[in-house]
Amino acid sequence: MKKPTHLGKVSGIPVSPEKATLDRVPNPHPDTDYAARFTAPEFTTLCPITGQPDFAHLVIDYVPGKWLVESKSLKLYLASFRNHGGFHEDCTVEIGRKLVKLMAPKFLRIGGYWYPRGGIPIDVFWQHGKLPSGVWLPDQGVAPYRGRG
């Protein structure tokens with residue numbers, strides 16, 4: 001297994017998602033089905049048309065198989081989107097697919113709760129696999145956008 005790229009080292013934010021390196025580490029409990037959650041409440045990317053910043057609250061839940069995503073590499077990968085132009089749907093699904101390709105989890109879901117663009121919030125949900133029986137997975141806990149209401 002190759003050593004993690006960022007763990008224990010000083011690492012800068014990659015210039016783009018394509019240049020970012022996601023690392024995986026062995027799951028210490030591959031014989032146990034459990035859920036892990038990452039929350040990125042300040043995810044940022046750019047509108048590919050206007051170049052204006054877009055903001056989202058991302059929630060990533062997964063049931064690992066043999067691999068876990070290394071959290072520092074995930075943090076840097078997500079930060080690399082801040083100068084990337086992509087529609088909400090594209091960014092959300094791209095992140096989910098990249099994580100599935102990296103880890104081959106038993107189950108993964110990502111919720112992208114995007115703040116309004118042009119007055120309309122867009123929430124994007126993507127899922128891979130089926131949640132194994134007996135795994136407790138709480139609600140993602142992000143309220144629908146209500147403005148100032």
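Brief remarks on what is shown
- Most positive-pole-ward Cα, 52, 26, 96, against dipole of the chain from beta carbon charges: 26
- Gaussian network model of the chain, springs between alpha carbon atoms under 10 Å - residue of 120, 13, 60 with greatest fluctuation: 120
- Seen from every direction in turn and averaged, the convex hull around the alpha carbons of the chain projects onto 9.8 nm².
- Springs between Cα atoms under 10 Å define the GNM used for the chain, and in it the highest mean-square fluctuation of 92, 50, 39 occurs at 50.
- Excluding same-chain neighbours fewer than eight residues apart, the lysines reachable from residue 75 by a Cα-Cα span under 24 Å are 2, 3, 9, 19, 66, 98, 101, 106.
- Restricting segment 52-87 to trypsin sites (Lys or Arg not before Pro) that sit in a DSSP loop and have at most 12 other Cβ atoms within 10 Å of their own Cβ leaves 66.
- As a proxy for reagent exposure, ranking 18, 89 by other Cβ atoms within 10 Å from fewest up yields 18, 89.
- Its Cα gyration tensor gives segment 81-138 an equivalent ellipsoid; the semi-axes, largest first and in whole Å, are 25, 15, 7.
- Take the Kirkwood radius over Cα pairs of segment 40-119, plug it into Stokes-Einstein at 20 °C and 1.002 mPa s, and you get 164 µm²/s for translational diffusion.
- Taking Cα centre as origin and charging only the Cβ of basic (Lys, Arg, +1) and acidic (Asp, Glu, -1) residues, the dipole magnitude of the chain rounds to 360 debye.
- Highest-MSF residue in the chain out of 31, 139, 23 [GNM, Cα springs under 10 Å]: 139
- Debye, to nearest 20: dipole size of segment 40-119, +1 on Lys, Arg Cβ, -1 on Asp, Glu Cβ: 320 debye
Each reported figure results from applying straightforward, stated rules to the coordinates on display, with no laboratory input. These figures come from a predicted structure and were not determined experimentally. All Cβ positions, even for glycine, are placed from backbone atoms using ideal geometry, and neighbour counts span all protein chains on display.
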